[in-house]
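Beneath this line is the structure, given in structure tokens, with notes to follow.
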Amino acid sequence: MKKLLALGVVFLPWKLKRWVLRRFWGYRIADGARIGLSYVFPGELVMGEGAYIGHFNVAIHLGRLECGAHSVIDRSNWITGHPPKGAHFTHRTQREPVLIVGEHAAITKSHIIDCTDKIEVGPFATIAGYHSQFITHGINVVEGRQDCKPIRIGAYCLVGTRVTVLGGAVLPDRSVLGAGSVLNKAHTEECAVYAGQPAVKVKSLDADAAYFNRTRGFVH
């Protein structure tokens, strides 16, 4: 019954939808935030001033979705996970099925984002292009069970199109992940380009680059 009610809420005019989501779901949505024609029903939703979730997104089975001020989740993204009280991953007692999108950060279009464990997209970062996959869970063949690890995309990062990012991966602040790359480990060196399968550092970048020092998220 609640799923049918949620589906009906999707098609409400925004001001009424916002009131319903605040009143009956307890979501914290700033007056200047907005959700388009999308099925967004995490356990907890926090949207800062100017945050925007566009059309045709799905965000379910998450403990929390947090969208910082002026952040964007654009269109046709599939964002899901395994609920906090789900039957699997019980050995991961600190697991957080959460997506955090920092202020002025952007997730563009048609990406698959698996938040079985925490995914953090830092402030002013951009998940660019199309058809990238962020996968926090998999099968541990040694232990013969499913396992998961978080992913972190640092502040002011630029992630290219059609990448694969696996659990445990970290892209350091002010770094670029090249198109088609596979990021499968935690890197530490900032101001660098990482590329390849698996991704390795291929060059250094100037910390004074304009992209790394913007005060607004949108890139003209």
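If you check L205, L171, L177, which single one turns out to be touching a helix residue (DSSP H, G or I) at 6+ places or on another chain (Cβ under 9 Å) and not charged (D, E, K, R)? Full working, then the answer.
Details: L171 fails: touching a helix residue (DSSP H, G or I) at 6+ places or on another chain (Cβ under 9 Å); L177 fails: touching a helix residue (DSSP H, G or I) at 6+ places or on another chain (Cβ under 9 Å).
Going through L205, L171, L177 in turn, just one is touching a helix residue (DSSP H, G or I) at 6+ places or on another chain (Cβ under 9 Å) and not charged (D, E, K, R): L205.
I need a count of the residues in segment 37-91 that are under 24 Å from S132 (Cα atoms), open to solvent by 60 Å² or more (accessible area, probe 1.4 Å) and basic (K, R).
Looking only at that region, the number is 1.
Quick one: L65 ticks every box in (1) in a loop (DSSP other than H, G, I, E, B); (2) within 21 Å of the chain's Cα centre (by Cα); (3) at pLDDT 95 or above bar one, so which box is it?
Tallying (1) in a loop (DSSP other than H, G, I, E, B); (2) within 21 Å of the chain's Cα centre (by Cα); (3) at pLDDT 95 or above, L65 fails exactly one: (1).
Which of the following residues is buried (at least 19 other Cβ atoms within 10 Å of the Cβ), of a type in the set (A, V, I, L, M) and in contact with an Asp or Glu (Cβ under 9 Å, 6 or more places away or on another chain): I151, I139? First the steps, then the outcome.
Values: I139 fails: buried (at least 19 other Cβ atoms within 10 Å of the Cβ).
Unique residue meeting the criteria: I151.
Quick one: in segment 11-36, which of the residues that are out of contact with any Gly (no Cβ under 6 Å at 6 or more places or on another chain) and among the aliphatic types (A, V, I, L, M) is surrounded by the most Cβ atoms within 10 Å (Cβ to Cβ)? Give the derivation first.
Residues of segment 11-36 that are out of contact with any Gly (no Cβ under 6 Å at 6 or more places or on another chain), as a first pass: 11-29, 31, 33-35.
Now drop any that are not among the aliphatic types (A, V, I, L, M), which leaves 12, 16, 20-21, 29, 33, 35.
Working: L12: 13, L16: 10, V20: 16, L21: 21, I29: 20, A33: 23, I35: 26.
Out of the qualifying residues, it is I35.
Only one of (1) more than 13 Å from the chain's Cα centre (by Cα); (2) more than 21 Å from R22 (Cα to Cα); (3) modelled with pLDDT of 95 or more is not met by G50, so which one is it?
(2)
State which residue pairs qualify: first residue within 11 Å of L158 (Cα to Cα) and inside segment 172-186, second residue among the acidic types (D, E) and open to solvent by 20 Å² or more (accessible area, probe 1.4 Å) in any location, beta carbons under 7 Å apart, and separation of 6 or more residues or different chains.
The qualifying pairs are P172/E189; P172/E190; D173/E190; R174/E190; S175/E190.
The values are calculated or read from the model by the stated rules, or taken from the named source; none is laboratory data. What you see is a predicted model; the values in this text were computed from it and never measured. All Cβ positions, even for glycine, are placed from backbone atoms using ideal geometry, and neighbour counts span all protein chains on display. When the accessible area is computed, the model is the full protein with side chains, heavy atoms only, and any ligands, DNA or RNA have been set aside. Shrake-Rupley method; radii C 1.70, N 1.55, O 1.52, S 1.80 Å.
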